[in-house]
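The values are calculated or read from the model by the stated rules, or taken from the named source; none is laboratory data. What you see is a predicted model; the values in this text were computed from it and never measured. Note that we place each Cβ from the backbone using ideal geometry, even for glycine, and neighbour counts take in every protein chain shown. The area values use the complete protein model at the heavy-atom level, side chains included, leaving out ligands, DNA and RNA. Shrake-Rupley method; radii C 1.70, N 1.55, O 1.52, S 1.80 Å.
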Amino acid sequence: MNDRIKNEMLFNEFNIKEEAFKIINEAEEELKDKFKEIDDISEYNQYKVIRALQKNRVSEMHLNGTTGYGYNDTGRDTIEKVYADIFKTEDALVRLNMLCGTHALKVALFGNLKCGDEVLFPAGKPYDTLDSTIGINGAKGSLVDYGITYKIVPLNEDESFNYDEIKKAINEKTKLVEIQRSRGYDTRATFSVEQIGELIKFIKEVKSDIVVMVDNCYGELTDYIEPTEVGADFCVGSLIKNLGGGVAPCGGYIVGKKEYVENASYALNTPGLGKEIGASLGYNRSFLEGLFNAPGVVNAALKGAILTARVFEKLGYKVSPSSDAKRNDIVQQIYLNNADNVIKFCQAIQHSSPVDSHVSAEPWDMPGYDDPVIMAAGTFVQGSSIELSADAPIREPYVVYMQGGLNYEHVKLAILNAVNEMI
Ligand SMILES: *Cc1c(COP(=O)(O)O)cnc(C)c1O
């Protein structure tokens, strides 16, 4: 009976064809064990978050915030203690005025590097938006512009770390190492926390006073542990990704050893004042509620990604990660073979959205890209990639990047719609 009501909704309201319906249901059935693995991780992380909220005695008064300078914002300060507990670190900076992930990374880098220092990227070129922050493209105001040099060591063919080259790249100027956990828009696999731990151990053996920073974007709460538990000195991320839980309207975080977090706070705010200022403007509640929801939201995003992988595997497409792989972030790649499929897929995602479902995504010549790019997102928070979104450059190998989903049902519906259009 209940099944009938539900299915008739799909057939009558969403015009889902029997064939699409069958493929998705089969995939779901096949993924039962995999979903249990994800549920176990999320359950643990939910307990971890609740315990951190309780230990820090989060109270009704913390839900409000300050204006002006933001002195004595106990809500904001409590949120930072909660984050520090979750990541098992000495300190945290969790702020509205970190404008996006790239900004949080920029603040962390500028706060912890000085003219004459060198930063090493031991696992290939970092995320595209960092090109300007680092100065790879000669951007004004970049690290290079401020006299900080950089080195990049590419991965081996088999995506393992090139330990020989990393060792050679480390010199007396090497102050900081940045490791990016997620694949971002690269085709490499995302690193597990364990792999990151091995790399950190190696680097510290070569030079013990190197500071290790991890770009944790997209990876939070996908595992039982975080990179700060395997030797990272600090981790950086965005609140319109995993930890904002779809509720935080903007913001970023830096968690780690007190010294490095403090340095970052001077770069973000101002020397002397650092963490003491920064009005939370009433957003403490969103940060706390988002964090409380985050394990469940990450669970939905992960299961949605795995379902997508399984469905497209069944349809004969290459996907990465595969449906049975261990997940280390929420990003799913689908190789769709031609432009037509890419456009159909992205349009189906758009038409399945809670916001702007009536508009059609189209490829366009986006500044900074050589090929037309198509982006599908109907999100409550602009550009939020913890909400379901998909994007792709229109070029070989016609790969779509899909991520997010505030609830599993939404991702399932979007994939039903996509398959419906593509078969
Ligand atoms: C999203 C992301 C960033 C940058 O975040 P923005 O909020 O888009 O500026 C950096 N690194 C990785 C790996 C990311 O996934």
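What are the residues whose amide H is under 5 Å from the amide H of Val214, where those residues sit 5 or more places off or on another chain and H is modelled from the backbone?
Ile179, Phe234, Cys235, Val236
Take the stretch 268-403, compute every pairwise Cα distance, and split them into 10 Å bins from 0; I just need the percent in each bin.
Result returned by the calculation: 11, 34, 29, 17, 8, 1.
Any idea of Ile170's accessible area? Nearest 10 Å², probe 1.4 Å.
Roll a 1.4 Å probe over it and Ile170 shows about 20 Å².
I'd like the distance separating the alpha-carbon centroids of the stretch 230-301 and the stretch 173-222, in whole Å.
Answer, in whole Å: 19.
Probe of 1.4 angstrom, ligands and nucleic acids ignored: what's the accessible area per residue over the stretch 42-140, in square angstrom?
Details: 4620 Å² over 99 residues.
I get 47 Å² per residue for the stretch 42-140.
Can you give me the % of accessible surface on the chain that is carbon or sulfur? Probe 1.4 Å, all protein chains present, nothing else counted.
On the way: 9230 of 18320 Å².
Exposed carbon and sulfur together represent 50 percent of the surface.
Residue by residue through the stretch 157-167, what is 3J(HN,Hα) from phi via Karplus (6.51 cos²θ - 1.76 cosθ + 1.60, θ = phi - 60°)? Round to whole Hz and write x for glycine and proline.
Couplings: 3, 8, 6, 7, 6, 8, 4, 4, 5, 5, 4 Hz.
Highest GNM mean-square fluctuation, the chain, Cα pairs closer than 10 Å: which of Ser160, Ser322, Ser238?
So, out of Ser160, Ser322, Ser238, the one fluctuating most is Ser160.
Using alpha-carbon positions, what is the distance between the centroids of the stretch 130-168 and the stretch 306-384, in Å?
Rounded to whole Å, the Cα centres lie 29 Å apart.
Antiparallel versus total DSSP beta bridges in the chain: what percent is that, nearest 5? Walk me through the numbers before you get to the answer.
Details: 27 of 43 bridges.
So the antiparallel bridges in the chain amount to around 65 percent.
Most fluctuating residue of Thr222, Thr308, Thr67 in a GNM of the chain with Cα springs under 10 Å: which is it?
Highest fluctuation among the options: Thr67.
By accessible area of protein heavy atoms, probe 1.4 Å, what ranking do Met98, Met9 get, highest first?
Values: Met98 0, Met9 100 Å².
Order by accessible area, largest first: Met9, Met98.
Which stretch or stretches of the stretch 246-263 have amide N atoms under 19 Å from the point lying 7 Å from Glu289's Cα along the Cα→Cβ direction?
246-252
Over the Cα atoms of the stretch 1-116, each weighted equally, I'd like the Debye log10 I(q)/I(0) at q = 0.15, 0.23 Å⁻¹, rounded to two decimals.
-0.87, -1.33
Heavy atoms only, 1.4 Å probe, whole protein assembly: order Glu60, Glu198 by accessible area, highest first. The partial results should precede the final answer.
On the way: Glu60 150, Glu198 100 Å².
The ranking, largest first, comes out as Glu60, Glu198.
Rounded to two decimal places and with Rh computed the Kirkwood way over Cα pairs, what is Rg over Rh for the stretch 363-423? All intermediate terms of the calculation are to be shown ahead of the outcome.
Numbers: Rg = 12.7 Å, Rh = 12.7 Å.
That ratio equals 1.00.
Report the relative contact order of the stretch 239-280, percent, no decimals, based on alpha-carbon pairs under 8 angstrom and at least 6 residues apart. Could the numbers behind the result be given before it?
Details: 30 pairs, mean separation 9.0, N = 42.
Computed over the stretch 239-280, the figure is 21 percent.
Give the accessible surface of the stretch 175-278 per residue, rounded to a whole number of Å², with probe radius 1.4 Å and ligands, DNA and RNA excluded.
Working: 3180 Å² over 104 residues.
For the stretch 175-278, the per-residue accessible area is 31 Å².
Go through the stretch 174-189 residue by residue and turn each phi into a ³J(HN,Hα) via Karplus (6.51, -1.76, 1.60, θ = phi - 60°); whole Hz please, and just put x for glycine and proline.
Rounded to whole hertz, the list is 5, 9, 9, 10, 10, 10, 9, 6, 7, 5, x, 9, 8, 9, 5, 6.
How about the stretch 367-423: which chymotrypsin sites (Phe, Trp or Tyr not before Pro) there lie in a loop by DSSP and see at most 16 other Cβ atoms within 10 Å?
On the way: sites: Tyr369, Phe380, Tyr398, Tyr401, Tyr408; in loops: Tyr369, Phe380, Tyr398.
Taking the stretch 367-423 and a limit of 16 other Cβ atoms within 10 Å, the loop chymotrypsin sites (Phe, Trp or Tyr not before Pro) found are Tyr369, Phe380.
Going through the cross-link list Lys241/Lys275; Lys34/Lys204; Lys48/Lys114; Lys140/Lys318; Lys48/Lys258, which pairs have a Cα-Cα distance over 30 Å in this structure? Provide the component values of the computation, followed by the final result.
On the way: Lys241/Lys275 23 Å; Lys34/Lys204 35 Å; Lys48/Lys114 36 Å; Lys140/Lys318 40 Å; Lys48/Lys258 22 Å.
The answer is Lys34/Lys204; Lys48/Lys114; Lys140/Lys318.
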